[in-house]
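Undergrad: Questions regarding the structure given below will be posed in turn.
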Amino acid sequence: MSIAENIQDFQQRLSGTNCQLIAVSKTHPVELIREAYDGGQRAFGENKAQEMMQKQPQLPADVEWHMIGHLQTNKVKYIAPFVHLIQSVDSLRLLQEIDKQAQKHNRVIDCLLQFYIAEEDTKFGLDLEEAKQLISSEAFAALQHVRLCGVMGVATNTDDEQHLQREFSRLKSYFTTIKEQFFPNDSFFKEVSMGMSSDYQLAIAEGSTMIRVGSAIFGNRNYSVAP
Ligand SMILES: *Cc1c(COP(=O)(O)O)cnc(C)c1O
């Protein structure tokens with residue numbers, strides 16, 4: 001199937017659900033992103049600020065760019081003018097820098113808190129206590145140019161469905177806890193970003209509102225080729 005057909009296939013599967021597709025275009029050239037765009041896709045995920053910054057002006061302005069990778073504070077400025085949602089916020093310091101850069105561009109940048117849910121040392125993210133501390137801090141209350149819209153997590157890379165189910169359900173429970181404690185009346189706090197090419201069906205069953213799908217749309221990534 002072509003990239004556009006893959007997009008339409010996913011859109012069809014997701015229609016009638018509360019879940020949207022983020023097409024993960026990292027490492028892929030803008031020509032392939034345009035094929036997905038022509039298939040109707042508007043939300044794209046990248047994991048490197050500079051790569052996102054290079055691709056953004058080459059594609060239509062109504063593309064929604066999602067940052068899904070670990071973001072260093074000194075790179076926030078590259079994406080602050082246009083980024084739609086920063087899904088990978090894992091510290092107050094990063095949130096403060098996003099706030100500062102958003103202010104320069106007179107905008108409010110939507111963010112998700114990334115949680116550590118996998119059993120792998122290499123994955124970034126907060127635990128529930130750290131997230132609660134962050135949200136209840138005075139420093140967070142002072143921020144005017146960021147808006148927390150939910151949570152994000154990357155599950156363990158495994159075929160064990162029960163294991164994945166547990167991780168997804170844990171992330172959903174973090175979302176519910178934070179929603180009830182801090183954002184009960186804020187309709188914008190509603191996102192649970194979880195699920196990738198190999199596990200999105202399980203993630204949807206556990207309450208995902210955003211699946212981040214790369215290889216099932218664009219094919220395998222070749223990290224040795226520059227975008
Ligand atoms: C690369 C990536 C994805 C997509 O992975 P696929 O297995 O290609 O679907 C999703 N989420 C994050 C955070 C990623 O870095």
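The values are calculated or read from the model by the stated rules, or taken from the named source; none is laboratory data. Computed from a predicted model, the values in this text were never measured in an experiment. Cβ sites come from the backbone with ideal geometry, for glycine too, and all protein chains shown count toward neighbours. Side chains included, ligands, DNA and RNA excluded: accessible areas come from the protein's heavy atoms. Shrake-Rupley method; radii C 1.70, N 1.55, O 1.52, S 1.80 Å.
Undergrad: Please specify each residue of region 101-116 satisfying the condition of being open to solvent by 20 Å² or more (accessible area, probe 1.4 Å) and either touching a Lys or Arg at 6+ places or on another chain (Cβ under 9 Å) or in contact (Cβ under 8 Å) with a residue 40 or more places away in the chain (or both).
TA: Selection gives Q103, K104, V108, D110, Y116.
Undergrad: Moving on. Suppose we filter F168, F183, F175 for residues that are crowded, with 16+ Cβ neighbours inside 10 Å, under 19 Å from N18 (Cβ atoms) and in contact with a Ser or Thr (Cβ under 8 Å, 6 or more places away or on another chain); which single one remains? Lay out the reasoning, then the answer.
TA: Values: F183 fails: in contact with a Ser or Thr (Cβ under 8 Å, 6 or more places away or on another chain); F175 fails: in contact with a Ser or Thr (Cβ under 8 Å, 6 or more places away or on another chain).
Going through F168, F183, F175 in turn, just one is crowded, with 16+ Cβ neighbours inside 10 Å, under 19 Å from N18 (Cβ atoms) and in contact with a Ser or Thr (Cβ under 8 Å, 6 or more places away or on another chain): F168.
Undergrad: Is one or more of the residues making up region 118-129 of a type in the set (V, I, T) and touching a helix residue (DSSP H, G or I) at 6+ places or on another chain (Cβ under 9 Å)?
TA: No, the conditions are met nowhere in region 118-129.
Undergrad: Also, I was wondering about something else. Identify all residues within region 183-227 that are more than 25 Å from D110 (Cβ to Cβ), of a type in the set (A, V, I, L, M) and within 11 Å of the ligand (Cβ to nearest atom); write none if there are none.
TA: A216 - this is the single residue of region 183-227 that is more than 25 Å from D110 (Cβ to Cβ), of a type in the set (A, V, I, L, M) and within 11 Å of the ligand (Cβ to nearest atom).
Undergrad: Please count how many residues of region 187-210 are farther than 14 Å from V151 by Cβ, part of a loop (DSSP other than H, G, I, E, B) and open to solvent by 50 Å² or more (accessible area, probe 1.4 Å). I'd like the intermediate steps shown before the answer.
TA: First pass over region 187-210, keeping only residues farther than 14 Å from V151 by Cβ: 187, 196-202, 204-205.
Adding the requirement that they be part of a loop (DSSP other than H, G, I, E, B) leaves 187, 196-199.
When the remaining residues are screened for being open to solvent by 50 Å² or more (accessible area, probe 1.4 Å), the result is 187, 196, 198.
Residues in region 187-210 being farther than 14 Å from V151 by Cβ, part of a loop (DSSP other than H, G, I, E, B) and open to solvent by 50 Å² or more (accessible area, probe 1.4 Å): 3 in total.
Undergrad: Next question, about the same structure. Under 9 Å by Cβ, and 6 or more places apart or on different chains, what pairs join a residue from region 77-92 that is without any contact (Cβ under 8 Å) to a residue 40 or more places away in the chain and within 16 Å of the ligand (Cβ to nearest atom) with one that is open to solvent by less than 30 Å² (accessible area, probe 1.4 Å) and aromatic (F, W, Y)?
TA: Correct list of pairs: I79/W65; V83/W65; D90/F115.
Undergrad: For region 38-63, which residues satisfy the criterion of being charged (D, E, K, R), under 17 Å from the mean Cα position of the chain (by Cα) and open to solvent by 60 Å² or more (accessible area, probe 1.4 Å)?
TA: R42, K48
Undergrad: I'd like the full set of residues that are in a loop (DSSP other than H, G, I, E, B) and in contact (Cβ under 8 Å) with a residue 24 or more places away in the chain, limited to region 14-46.
TA: Of everything in region 14-46, those that are in a loop (DSSP other than H, G, I, E, B) and in contact (Cβ under 8 Å) with a residue 24 or more places away in the chain turn out to be T17, N18, C19, S25, K26, T27, H28, P29, G39, G40, Q41.
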